[in-house]
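Following: one structure in structure tokens, then a few remarks.
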Amino acid sequence: MKEIFQHFRPEEKEKIIKFNSRFETAEQDYYPVLLDFLDPREQSIVESISGHYPGIRIEFYGGGASHGRERMRAMLVPEMIEVAPDDFEVMVLELEYPEKFVDYSHRNILGAIMNVGLDRNLIGDIVIGERIQFAIARPYFQIFETELTTIKNAPVTLREVPHESFMDIIDDGAAETILISSFRLDTVTAEILKEGRAKAKNRIEKMKVKVNHTVVTNPAMVLEAGDVVSVRHFGRFKVTELLHETKKGKFRVKAKVYKSD
């Protein structure tokens, strides 16, 4: 396990141990093990661990065309065993609501879903386009159906749709290239928000910033490509690519910025 830990952050140790135990179960019981919805960072951790279990392959599925999904369930599958999409227990729901009288943002939908009281890892992608759709872990549908009845004081109902009707994610983020002195969370956040580093540091210490859906209070945390940073009352941004170091010792980084409505 030590060789796995050294490639990831200390804050991720608990996740690594949990995922590793699921690999052990799949290997010992010789039976597929289904994980919850994973964000891209968690998918990377699982893929890294898989290198230590050559007899176990990973299959991902998030509903519909998985190549365009961000959040997907993972299944740890022993060799010679076949699995099908239904085995992932993913359910795709479409939101029916009075479109003439109310308009929803991603934040509205995610907030309402989270208010149901279930963990974020039971929810897949949320797609807002011509329609509003999202994926959930099928065993929890009844809870969603019972509890998610209004959003912004407007009545809503949930309707299951076939996986092939699950819309692709619409990437409406604004691409930015920034120049930073380090990959520290407070440094990158300050540059994206165009504010002083002291203010960004204060936001983080006051628990107003999440990295990959987890609250982070350490301003010195080092960001990596693929990390999604959410800032309360601002929106979120995703570090998409770490380009290169300049002759003056600074770093050029590409990001996608998604501001709140």
For this session: Enumerate the residues in region 234-261 having an amide nitrogen under 17 Å from the point lying 7 Å beyond the Cα of Glu195 toward its Cβ.
Result: 234-238, 257-261
Seminar exercise, completed: A convex hull over the alpha carbons of the chain yields, per residue, a volume in Å³ of 145
Problem set entry | Positive-pole candidate from Ile192, Val253, Thr177, dipole of region 174-259, charges at beta carbon | Ile192
Problem set entry | Calculated from backbone phi, Karplus (6.51, -1.76, 1.60) coupling profile of region 143-153 in Hz, x at Gly/Pro | 5, 4, 4, 7, 8, 9, 10, 9, 9, 6, 6
Problem set entry | Theoretical gain in end-to-end length, Thr25 to Lys208 [0.36 nm per residue, Cα-Cα removed] | 62.2 nm
Exercise. Which ordering of Thr187, Thr246 is given by a fewest-first count of other beta-carbon atoms within 10 Å?
Worked result: Thr246, Thr187
Exercise. Per-residue ellipticity at 222 nm for the chain, helices alone: DSSP H runs ≥ 4 residues times -39500 (n - 2.57), over residue total, nearest 500 deg cm²/dmol?
Worked result: -7500 deg cm²/dmol
Exercise. Arg252 versus Arg9, label points 7 Å from Cα toward the beta carbon: distance in nm?
Worked result: 2.6
Problem set entry | Centre separation in Å (Cα based) which lies between region 234-248 and region 73-124 | 29
Exercise. Just from the alpha-carbon atoms, what are the Rg and Dmax of region 119-178 in angstroms?
Worked result: 14.1, 45
For this session: Kindly identify region 2-87 as rounded, prolate or oblate by the Cα gyration tensor criterion: order the square roots of the eigenvalues as a ≥ b ≥ c, call it rounded if a/c is under 1.5, otherwise compare a/b with b/c, prolate if a/b is larger, else oblate.
Result: oblate
For this session: Counting residues in region 1-147 as N, plug N into 2.2 N^0.38 Å and put the Cα Rg over that result.
Result: 1.16
Problem set entry | Kirkwood estimate for region 174-259, i.e. one over the average of 1/r between Cα atoms, Å | 12.6
Exercise. So which of Lys13/Lys194; Lys100/Lys238; Lys199/Lys250; Lys18/Lys210; Lys18/Lys194 end up more than 30 Å apart by C-alpha?
Worked result: Lys13/Lys194; Lys100/Lys238; Lys18/Lys194
Seminar exercise, completed: Between Ala174 and Glu145, the FRET efficiency computed from the C-beta separation at R0 = 41 Å comes out, to the nearest 0.05, as 0.70
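What is the magnitude of the charge dipole of region 2-87 about its Cα centre, with +1 placed on the Cβ of each Lys and Arg, -1 on the Cβ of each Asp and Glu, and no other charges, expressed in debye to the nearest 20?
Dipole of region 2-87, to the nearest 20 debye: 320 debye.
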For this session: Apply 1/(1 + (r/R0)^6) to the Cβ-Cβ distance of Ala154 and Ser260, taking R0 = 22 Å, and write down the FRET efficiency to the nearest 0.05.
Result: 0.70
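A short reminder: the numbers here are calculations on the coordinates, not readings from a lab. These numbers were taken from a predicted model, which means no experiment stands behind them. Virtual Cβ from ideal backbone geometry, glycine too; neighbours counted across all protein chains shown.
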